Amino acid sequence: MMGIDPGSHATGYAFLNLAGNKASVLDYGVIRPKKDSELIFRIGHIINELDILIVRHRPVAFCLEKAFFASNANSALILGHIRGAVMALGFKHDLVFSERSPRSVKQAVTGNGAASKEQVANMMKRLLGIQDADIALDASDALAIAWSGLF
């Protein structure tokens with residue numbers, strides 16, 4: 001299962017494997033395009049990096065965080081572009097698609113739909129046995145999205 005936390009400046013990704021009822025981490029991290037690049041180049045960078053990771057890890061499905069209403073319409077539009085590009089990449093690789101709301105991801109991971117990003121990160125470390133003390137919040141969000149897509 002691939003989990004994606006989309007963003008134009010930082011896109012979190014995670015790849016989890018499920019054996020029986022136990023999930024294990026294959027890979028996770030954050031793709032950070034150059035902040036001063038035009039949007040098309042940031043999207044291209046994100047998709048190129050994800051394409052390489054998909055070929056490496058061969059997931060059969062991916063889960064994406066649902067778009068939520070943003071107070072800034074331009075930010076919401078940019079996020080929509082990123083989400084669309086990721087969806088198209090998933091289609092290209094014939095991956096089964098699902099999406100979860102931020103609240104449902106937090107609920108699935110922590111039992112609290114209003115949990116903080118730090119609470120989600122701490123729970124993902126516990127659930128998956130991750131020793132990385134400085135896990136980026138975008139990466140832990142992607143792990144949580146993948147987790148919620150598995151269960």
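Restricting the stretch 21-45 to residues that are within 25 Å of K125 (Cβ to Cβ) and not in a strand (DSSP E or B) leaves a set whose member that is modelled with the highest pLDDT is R32. Under 18 Å from A61 (Cα atoms), surrounded by fewer than 14 Cβ atoms within 10 Å (Cβ to Cβ) and of a type outside the set (K, R) - does that describe any residue in the stretch 105-123? Within the stretch 105-123, none of the residues are under 18 Å from A61 (Cα atoms), surrounded by fewer than 14 Cβ atoms within 10 Å (Cβ to Cβ) and of a type outside the set (K, R).
For the stretch 39-49, does any single residue satisfy the condition of being crowded, with 16+ Cβ neighbours inside 10 Å, within 11 Å of A139 (Cβ to Cβ), free of Cβ contacts under 8 Å to residues at least 60 places away in the same chain and not hydroxyl-bearing (S, T, Y)? Before you say what the answer is, go through the steps one by one.
At the first step, the residues of the stretch 39-49 found to be crowded, with 16+ Cβ neighbours inside 10 Å are 42-43, 45-47, 49.
Checking which are within 11 Å of A139 (Cβ to Cβ) leaves us with none.
No, that holds for no residue.
If you check A114 against the conditions, is it in contact (Cβ under 8 Å) with a residue 12 or more places away in the chain, aliphatic (A, V, I, L, M) and more than 21 Å from D27 (Cβ to Cβ)? So A114 does not fit the description; no. Among the residues of the stretch 54-71, those that are surrounded by fewer than 18 Cβ atoms within 10 Å (Cβ to Cβ) and either touching a residue at least 40 places away in the same chain (Cβ under 8 Å) or part of a loop (DSSP other than H, G, I, E, B) (or both) comprise H57, R58, V60, A61, K66, A67, F68, F69, A70, S71.
The values are calculated or read from the model by the stated rules, or taken from the named source; none is laboratory data. From a predicted model like this one, the values you see are computed outputs, not experimental measurements. Note that each Cβ is placed from the backbone with ideal geometry, even for glycine, and that neighbours are counted across all protein chains shown.
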